[in-house]
Amino acid sequence: MPTLVTRFDITGDSSDVPAARRLLVEQARAWGVPLNEETACTVSVVASELVTNAVVHTTGTVTISLYHQPGRLLIEVLDTSSDVPLVHEAGIEEEHGRGMALVGALAARIGWQHVDRGKRVWAEVAVPKPFPLLVTRHNGVG
């Protein structure tokens, strides 16, 4: 099965984050990915954290991509910041700083790399594989 891909840009405003995460979950379902509520929530939270980090730590357009192969969704966020995404332990009183740790806990794999004008941050989420369609032949007997 070929990799399915969707890609879109947002303006880099925090008000775009809810629509971006909703679009990713809706696209996965449109592709036929069998998302139960728990997996849909995981995709939504991972997308939200990656997109929020990009919006908070950069200016300008943020490009969001979703890739699907059986058993996995890859969420990728490109932004214009060259700052390294950090995973750190936030204190109990801190309101921010848990995003990448949360992504790391929910995703099967995470990573990042510098690109020409910024960085690419990604997370892979394990998803159920669709059930194969069973075809039965009726021979007219019975």
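Table for the structure above
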quantity: Residues (part of a loop (DSSP other than H, G, I, E, B) and under 11 Å from the mean Cα position of the chain (by Cα)) located in the stretch 102-124; calculated: ALA107
quantity: Residue, nearest to ARG117 (Cα to Cα), within the stretch 31-72, restricted to residues that are in contact with a strand residue (DSSP E or B) (Cβ under 9 Å, 6 or more places away or on another chain) and free of Cβ contacts under 8 Å to residues at least 40 places away in the same chain; calculated: HIS57
quantity: Single unsatisfied condition, VAL25 versus (1) surrounded by fewer than 16 Cβ atoms within 10 Å (Cβ to Cβ); (2) more than 25 Å from GLY118 (Cα to Cα); (3) β-branched (Val, Ile, Thr); calculated: (1)
quantity: Flag if GLU38 is of a type outside the set (Phe, Trp, Tyr) and buried (at least 17 other Cβ atoms within 10 Å of the Cβ); calculated: no
quantity: The stretch 56-66: number of residues that are crowded, with 18+ Cβ neighbours inside 10 Å and within 22 Å of VAL5 (Cα to Cα); calculated: 3
quantity: Which numbered condition ASP13 misses (of (1) within 11 Å of VAL125 (Cβ to Cβ); (2) of a type in the set (D, E, K, R); (3) surrounded by fewer than 14 Cβ atoms within 10 Å (Cβ to Cβ)); calculated: (1)
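Every number here is computed from the coordinates shown, using simple stated rules; none is lab data. Predicted model only: the values in this text are computed from it and were never measured. Reconstructed Cβ throughout: ideal geometry from the backbone, glycine too, with neighbour counts over all protein chains shown.
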